[in-house]
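Asks: Here it is, the structure in full.
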Amino acid sequence: MAMEAAIVATMPAFQHLKRITFTPPYLLKLQKLQRFHSLASLSPNFTQEDPQRQRLEQEQQNQLTNNNTTSRSSSSTSYFPKRGQTLELVCESLAFKGKGVCKVAETGFVAMCDRALPGERFIGRVTRRKGSYAEVTKVETITPHWDLVDAPCEYAPYCGGCKTQNLSYESQLRAKEQQVRELTIHVGKFSDKVPEFCSIMKPIVPCDIQFHYRNKMEFSFGSKKWLPKELLGEKQVGNEKYALGLHAPGFFDKVLNVDKCLLQSEPANMVLAAIQDCWRDSQFGLTPYDVHSHTGFLKHLMLRTGRNVETGLLELMVNFVTSSYKPELLEPLVEKISAIPEVVSIMNNVNTSVGNTSVGEEEYTLYGKSTITEILRGLTFQISANSFFQTNTRQACEAEVLYKLIEDCAGLRGDGSQIVLDLFCGTGTIGLTLARRAKHVYGYEVVPQAISDAHRNAKLNRISNATFVQGDLNKIDESFGNNFPKPDIVISDPNRPGMHMKLIKFLIKLKAPRIVYVSCNPATCARDLDYLCHGVVCEREKYRRMLKLKSLQPVDMFPHTPHIECICLLELSDPCS
Ligand SMILES: C[S@@+](CC[C@H](N)C(=O)[O-])C[C@H]1O[C@@H](n2cnc3c(N)ncnc32)[C@H](O)[C@@H]1O
């Protein structure tokens, strides 16, 4: 096995990649016409040349175009509004990243608009052409969307996090379910005309609490405060233009200052308020990092909430990401926040790069311990600053919805005879919860800290039948698989870009009886399901269909945001092959 210790997951280009399935001539024509236009980037991790991304973008574009042409007159094909033109639009549904899919009433012309919600009639201004549709910004609402509710958060109209807070929760769920269904049909190429489709597509599982569910929030320090239009004329002097909060949508260099976030825990809000109260005080000499001049000290503030295993009470990790190691500068902040009883850990990640990442090259403990704990399906997990842990405590840990569904899909017999391969294992949460019923679990993950956490978590829970290996699953070679026995069950839980073609090829060739694909991006999920279930041709080799989609279960892990989690069960179509 040649797994490299590279930390950065990249998506190298694939030459020779094409689908086995037949493309009808009208689509080929359409694709030719649209070759130079592409849909909004799905993920910053994709490179421009990546055929996997290009194909997904093309499919999504076709999806929009196809849906569009079936419900409108032919006049729209020649119609294209100019940049800057205003249009009266009606939003019909929500698409990827929560953008509203909107139409011009007379022509059926499609425009995508951020923050447009289903049912809303509005005036939009064309900002750019994207293939066969336009991107617009909202100028004025004529009639509001259906199922309008008051957004409890004062920042909701501006903040990029909660885009649908003023849409009733039932409507949010409907929109998410519809989006998963559409992507599965149009990108995943699964027919909704076959009788089994209804039993495959499960209704979305709601989250029974819609606020204070996030156990991790990352805020940015910025040298330019983002202001709403009505306050733009106000003069800001000295440190008043500094901000700590969330990036305003579309502005990498402007930060919306926030004093609290309704998605995080109350103690996390206390910490945020305490820092807001003093960090601009000129006597401390603290400066936010400026993304243009690359000067300044404070980059990010990460707040993680866990639970004390003995008492069940909340415990908090505060992580300052700075551009250099100067602990004396952080001392006044450390003194203030360590007085909050829930704060058990204050960390400092030092990141000297000019990039925006919050993972430091060096990590220091400024106060207390270097990890916090959480309880999940009866096991204790220690989580360090940079390790992944499911962000919705309620759905993952308290109500145990997500992990119970994964366990049910894995369907382990429980006689201790089966091998589990846990791809993208993070701190080992899925693998360790399954280890109790398995013979052995093999986990793979790129972040070294997460692998140390996984080892520590196995030990902590007295689990000895689990092996965790650090490596980049985007860079596997032919020898991957030689170091573990053939698995009976594969769990794959990648982050938003989905699986690399190398891994997809490996999984098709592996012929494991069961794959549980856990995804936080229904677009890349649909693409990967298509590859796994319908086959691909890659580097002139054919990888034929081997797997059958048995169930697809959306779970709402992120109320008020556009994100959707899905658990998919795939089984070998012919176990004897
Ligand atoms: C969605 S998380 C899932 C973690 C874990 N399964 C859980 O439920 O806690 C995705 C994980 O994949 C890891 N990852 C991302 N890219 C990777 C790559 N190229 N190779 C291996 N692991 C990767 C991330 O560090 C992260 O821990």
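Asks: If we count other beta carbons within 10 Å of each Cβ, what is the order of Arg121, Arg181, fewest first?
Replies: Arg121, Arg181
Asks: Residues with amide H under 5 Å of Thr427's amide H, sequence separation 5 or more or different chain, H placed in the peptide plane at 1.01 Å from N; which?
Replies: Residues meeting the amide H criterion: Phe388.
Asks: Here is a follow-up. For Phe252 and Glu398, compute 0.36 nm times the residue count separating them, minus their Cα-Cα distance, and round to one decimal in nm.
Replies: Taking 0.36 nm per residue and subtracting the Cα distance, the gain is 49.1 nm.
Asks: Using amide H atoms built 1.01 Å from N in the peptide plane, name the residues 5+ places from Leu366, or on other chains, whose amide H lies under 5 Å from its own.
Replies: Result for Leu366 returns Ile346, Met347, Asn348.
Asks: Shifting gears a bit: With a ≥ b ≥ c taken as the square roots of the eigenvalues of the C-alpha gyration tensor of segment 292-347, please select rounded if a/c is under 1.5 and otherwise prolate if a/b is larger than b/c or oblate if it is not?
Replies: Prolate.
Asks: If you project the alpha carbons of segment 216-376 onto the principal axes, what extent comes out on each, in Å, largest first?
Replies: 53, 32, 30
Asks: Let me ask something additional. Net charge near His292: determine it from the other residues with C-beta under 13 Å of the C-beta of His292, scoring Lys and Arg +1 and Asp and Glu -1.
Replies: With Lys, Arg at +1 and Asp, Glu at -1, the neighbours total 0.
Asks: Looking at segment 388-572 only, what percent of DSSP beta bridges run antiparallel? Nearest 5 please.
Replies: About 50 percent, rounded to the nearest 5.
Asks: Here is a follow-up. Return the percentage of antiparallel bridges among DSSP beta bridges fully within segment 216-376, rounded to the nearest 5 %.
Replies: Just about 75 percent of them are antiparallel.
Asks: So, one more: Relative to the Cα centre, what is the charge dipole magnitude of segment 216-376, using +1 at the beta carbon of each Lys and Arg, -1 at the beta carbon of each Asp and Glu, and rounding to the nearest 20 debye?
Replies: Roughly 440 debye, rounded to the nearest 20.
Asks: Positive end of the charge dipole of segment 197-269 (Lys, Arg +1 and Asp, Glu -1 on Cβ, about the Cα centre): tell me which of Leu246, Gln210, Ala268 has its Cα farthest that way.
Replies: Leu246
Asks: Which loop-located GluC sites (Glu not before Pro) does segment 210-272 contain, where loop means any DSSP state but H, G, I, E or B and the Cβ has at most 11 other Cβ atoms within 10 Å? Let's see the in-between values first.
Replies: On the way: sites: Glu218, Glu230, Glu234, Glu240; in loops: Glu234.
Answer in residue order: Glu234.
Asks: Suppose R0 equals 51 Å. What FRET efficiency, 1/(1 + (r/R0)^6) with r the Cβ-Cβ distance, do Thr380 and Gln85 give to the nearest 0.05?
Replies: 0.30
Asks: Note down the relative contact order for segment 388-572 as a percent, whole number, built from C-alpha pairs under 8 angstrom at least six residues apart.
Replies: 18 percent
Asks: Starting from the Cα gyration tensor of segment 348-504, take the square roots of the eigenvalues, sort them a ≥ b ≥ c, and report rounded, prolate or oblate (rounded when a/c is under 1.5, otherwise prolate if a/b is larger than b/c, else oblate).
Replies: Working: a/c = 1.79, a/b = 1.27, b/c = 1.41.
Judged from the Cα gyration tensor, segment 348-504 comes out oblate (a/c at least 1.5, b/c at or above a/b).
Asks: Now, a different point. Return the loop-located trypsin sites (Lys or Arg not before Pro) in segment 355-460 (DSSP other than H, G, I, E, B) with at most 12 other Cβ atoms within 10 Å of their own Cβ; answer none if there are none.
Replies: Answer by residue number: Arg413.
Asks: Would you please name the trypsin sites (Lys or Arg not before Pro) within segment 185-227 that are DSSP coil residues with at most 14 other C-beta atoms within 10 Å of their C-beta?
Replies: Numbers: sites: Lys189, Lys193, Arg214, Lys216, Lys224, Lys225; in loops: Lys189, Lys193, Lys224.
Filter output for segment 185-227: Lys193.
Asks: Further question on the same structure: For Arg413, project a label point 7 Å along Cα to C-beta. Then give me every residue of segment 488-505 with its amide nitrogen under 16 Å of that point.
Replies: Label zone hits: 488-490.
Asks: Can you give me the C-alpha center-to-center distance between segment 324-353 and segment 377-404, rounded to a whole angstrom?
Replies: So the separation of the two Cα centres works out to 25 Å.
Asks: Please report, in debye to the nearest 20, how large the charge dipole of segment 83-183 is about its Cα centre when each Lys and Arg carries +1 at its beta carbon and each Asp and Glu carries -1 there. Mind dumping the intermediate values first?
Replies: On the way: 15 positive and 13 negative charges, 111 e Å.
Its charge dipole is roughly 540 debye.
Asks: May I have the pair-distance distribution P(r) for segment 457-577, computed from all Cα-Cα distances with 10 Å bins from 0 and rounded to whole percent?
Replies: 12, 40, 34, 13, 1
Asks: Kindly identify segment 136-281 as rounded, prolate or oblate by the Cα gyration tensor criterion: order the square roots of the eigenvalues as a ≥ b ≥ c, call it rounded if a/c is under 1.5, otherwise compare a/b with b/c, prolate if a/b is larger, else oblate.
Replies: prolate
Asks: Something else: For a quick check: sort Asp208, Asp488, Asp493 by the number of other beta carbons within 10 angstrom, fewest at the front.
Replies: By the 10 Å Cβ count, ascending: Asp208, Asp488, Asp493.
Asks: If you don't mind, there's one more thing I want to ask. Name all residues of segment 286-311 having a backbone nitrogen under 15 Å from the label point set 7 Å from the Cα of Glu328 along its Cα→Cβ direction, giving them as ranges.
Replies: 286
Asks: Further, regarding this structure: Please report the relative contact order for segment 83-183, taking Cα pairs under 8 Å with a sequence separation of at least 6, and give it as a percent rounded to a whole number.
Replies: For segment 83-183, the relative contact order is 22 percent.
Asks: What distance in nm separates the simple spin-label points at Thr295 and Glu154, each placed 7 Å from Cα in the Cβ direction?
Replies: Placing both labels 7 Å beyond Cα along the Cβ direction yields 3.3 nm.
Asks: Principal axis lengths of segment 83-183 from Cα atoms, whole Å, largest first?
Replies: Between the extreme Cα coordinates on each principal axis of segment 83-183 lie 35, 31, 22 Å.
Bear in mind these aren't lab numbers, they're just calculated from the coordinates by the rules spelled out. Nothing here was measured: the structure is a model prediction, and the numbers come from that model. All Cβ positions, even for glycine, are placed from backbone atoms using ideal geometry, and neighbour counts span all protein chains on display.
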